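The values are calculated or read from the model by the stated rules, or taken from the named source; none is laboratory data. Note that the coordinates shown come from a computational prediction; the quantities given were computed from them, not determined experimentally. Neighbour counts run over all protein chains shown; Cβ positions are idealised from the backbone, glycine included. Remember, those area values only see protein heavy atoms, side chains included, never the ligands or the DNA or RNA. Shrake-Rupley method; radii C 1.70, N 1.55, O 1.52, S 1.80 Å.
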Amino acid sequence: MHPSQLNISQNAELTMTLPTHTPKQNTIAPQVRPDFLNSQQGFAGVPSGLIFTSSGGHTWRRMQSPAGLIQDVHFTSPTTGWVVTSTGPSLQTSDETFHIYHTIDGGAHWQEQWNGQGAQFGWPDNPRIFAFSGQMSVAWVDGHLLKQSKDRSIWKAMKLPITGTPVEADFVSSSMGWAVVQQQSTSSASQAPTSKLIVLQTTDGGIHWHVQLHTMPFQGGGTMLQFGSSTNGLLLYKDTDYMETVMYRTTNGGKTWIKSIPTELEGRVFAGRPAFGQDNSVWIPLSAGAGPFASSILATNDMGQTWHTVVEHGEWRQIELSNRFENTSYVFAGLESGAALLKTTDDGKTWTQLYPGVEPAINISFVSRTVGFALGTGANENAILRTSNGGASWMTVGSLPNGIQAYDITFTSPNVGYVTVAPLKNSTKLGNTMIMKTNDGGRKWTPATVGGLPREILTKVSSQGYIVQPFYLLPGKGTNGQWILGTTGYPKLYTLLSVGSQTKIEATYDDPPGALEGYAFTSLKDGWMYVLRTAKSGDPNGQSVIKQLNPLNGTWVTKWTLPSGWSVEGMDRLSAQDAWLVAQKPWASMHPTFTIFRTTDGGKTWTKYEESNALCVTPPAMSGNSTFPIDFVNPDDGWLLTQQGLLRTTDGGATWKKVG
């Protein structure tokens, strides 16, 4: 039997409504450090401006924001605070101008107290306000060390007694503080210049300074100085020669400093400012670095002598920590797309995303027009989400265990659901590839009774040097207890169709060149897969084909082909008759034509809904296999997960609108 092209019986226009984002003048740097007065009251900067909470992040109130890009926020009460903003450069000047604004009415009005151009030799990403109730405030702004006048209406520059580039400062009161100056050494043309840091202390508000520390020469920068009290402090900088964090620590206000490079910091660089707890414990955020490390937060309870990991998240980029209040802390984490404000109330064991609202990031599964579940968020790829309003809003109901990566999610009722999981990408273990099940709507997950993949399958795939990566699961549809798990150990494909724990059919697909994209089953005996063949198939643009399972012998037969250049990038089958394809043409273009194909007669004829406005619609960045998760619960209601957001249709796929 020769494959045939899709029989397009009707062409129709595809309507997609996506949000348009217009730049706002009062935008906030996504990694501005959250500023909290206590565990419940705090301020944060988001793209639309400043926000305030008095309920630990459960609800937020928007505030008026001064003009410019906000670089730092610091309040001493719910009404009194300061922000540092930057404006420029512009067509008239290439310089960036920094501003200090003050409010005494919770942001209803702002008064500019200082402005000046960047010093152009400091570290512009590290401005800070040091404000103390009842005392004069201090500021560190792009190389400028400033202090309020006695009437607190203007800011005056402090002078340091040594030459060099001021790069950092920290104050614990208006009188006691420290500054760091970087001095660059001269070197021959054949040698890279080195630097050393000099730490100075003042105890009279900057009138007099004395030197406390000269560091060893190094190559690098990114200096951060943080004190948790008048005695305990840390100096950190990045040594680019060894790509590691160098630490100096003091427990006597800087009279003596001890240099150390803890084993936990070797090959790692810090991703944000350290945060002291009320018990003088310290958290340090670390970036992923060049090695096989996830972004993480390390903690010490003895001022740097020993360290332990608080949390690891490969999804987090830059990390900015708030002050810590017993077991409660807040963090702004840079993500692959945007940033998220998160909160912990158990000393870092679990984290809840506060802002923006959580949205699906990897996969979706709906059980009705209103109730659905999703796998992954931008900040936690193992999060389990639930919606009760058709995707308009989501809440986190649970999370899969650490150390695994999930590929697919399927719920058969509001309580019962399944996920396929495998070891993390940098693991070489095979035995953990398994199905997990929940009976309480996603809150708790345990290995399903079908357990892990059969050892003979793991052995076959491992002999080719590949870890099994499951990415399709169909449990409980059809006869009770049936499940289907598709896995790939490229270039071999093993499809397991089972009842209980007994494997019934093992279908092996070996038809290179090509790339398996995904499956869609309605029962054990009725399965489709879609494959993109490469140029070696004879078509210079590649060829996207749909194969159908032969239930008699477990083989796959090529049933349909798409026209030249078309790529199937998503599929859902509601029944033996109703199915949808997500396709784009040309598949390698930066601006492909987006199309939905629909059949109501098992593939005999298809309706083609083509989007004519050339909208840029792309698969979710965290989906793993660059396909669009699509899910229908009846012939009319369906959802499509994209990088631009979750889309919903109520007319069978002709019209789609973003929800949430």
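One line per residue, one yes/no per condition, for (1) at pLDDT below 80; (2) open to solvent by less than 60 Å² (accessible area, probe 1.4 Å); (3) among the hydroxyl-bearing types (Ser, Thr, Tyr); (4) in a loop (DSSP other than H, G, I, E, B):
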| position | (1), (2), (3), (4) |
| --- | --- |
| GLN31 | yes, yes, no, yes |
| ASN38 | no, yes, no, yes |
| GLY45 | no, yes, no, no |
| GLN64 | no, no, no, yes |
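Please count how many residues of the stretch 341-355 are open to solvent by 40 Å² or more (accessible area, probe 1.4 Å) and either farther than 24 Å from LEU647 by Cβ or at pLDDT 95 or above (or both).
Of the residues in that region, 7 qualify.
In this structure, does GLY304 turn out to be over 14 Å from the mean Cα position of the chain (by Cα), open to solvent by less than 60 Å² (accessible area, probe 1.4 Å), over 30 Å from THR650 (Cβ atoms) and at pLDDT below 90? Reasoning before the result, please.
Numbers: over 14 Å from the mean Cα position of the chain (by Cα): yes; open to solvent by less than 60 Å² (accessible area, probe 1.4 Å): yes; over 30 Å from THR650 (Cβ atoms): yes; at pLDDT below 90: yes.
Yes: the conditions hold for GLY304.
This table checks each residue for (1) in a loop (DSSP other than H, G, I, E, B); (2) open to solvent by 10 Å² or more (accessible area, probe 1.4 Å); (3) farther than 23 Å from TRP60 by Cα.
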residue	(1), (2), (3)
ASN323	yes, yes, no
GLY357	yes, yes, no
ARG369	yes, yes, yes
THR377	yes, no, no
ASN402	yes, yes, yes
VAL419	no, no, yes
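Just one of (1) touching a residue at least 40 places away in the same chain (Cβ under 8 Å); (2) open to solvent by 30 Å² or more (accessible area, probe 1.4 Å); (3) closer than 21 Å to HIS99 by Cα trips up LYS150, so point out which.
(1)
Please specify each residue of the stretch 381-397 satisfying the condition of being open to solvent by less than 10 Å² (accessible area, probe 1.4 Å) and under 12 Å from SER368 (Cβ atoms).
Across the stretch 381-397, the qualifying residues are THR387, GLY390, GLY391.
Kindly indicate which of THR215, THR223, THR245 is in contact with a helix residue (DSSP H, G or I) (Cβ under 6 Å, 6 or more places away or on another chain) and crowded, with 17+ Cβ neighbours inside 10 Å.
Working: THR215 fails: in contact with a helix residue (DSSP H, G or I) (Cβ under 6 Å, 6 or more places away or on another chain); THR223 fails: in contact with a helix residue (DSSP H, G or I) (Cβ under 6 Å, 6 or more places away or on another chain).
Every option except THR245 fails the conditions.
Please report, ordered by residue number, the strands (runs of 3 or more DSSP E) entirely within the stretch 217-263 with at least 2 residues that are among the acidic types (Asp, Glu) and in contact with a Ser or Thr (Cβ under 6 Å, 6 or more places away or on another chain).
Working: elements: 220-227, 233-239, 244-250, 258-260.
Because the criterion is at least 2 residues that are among the acidic types (Asp, Glu) and in contact with a Ser or Thr (Cβ under 6 Å, 6 or more places away or on another chain), no strands (runs of 3 or more DSSP E) in the stretch 217-263 meet it.
Can you tell me which residue in the stretch 623-638 is nearest to THR522 (Cα to Cα), limited to those that are in contact with a Pro (Cβ under 8 Å, 6 or more places away or on another chain) and modelled with pLDDT of 90 or more?
Residues of the stretch 623-638 that are in contact with a Pro (Cβ under 8 Å, 6 or more places away or on another chain), as a first pass: 623, 626-629.
Narrowing further to those that are modelled with pLDDT of 90 or more: 628-629.
On the way: PHE628: 19, PRO629: 16 Å.
The extreme case among them is PRO629.
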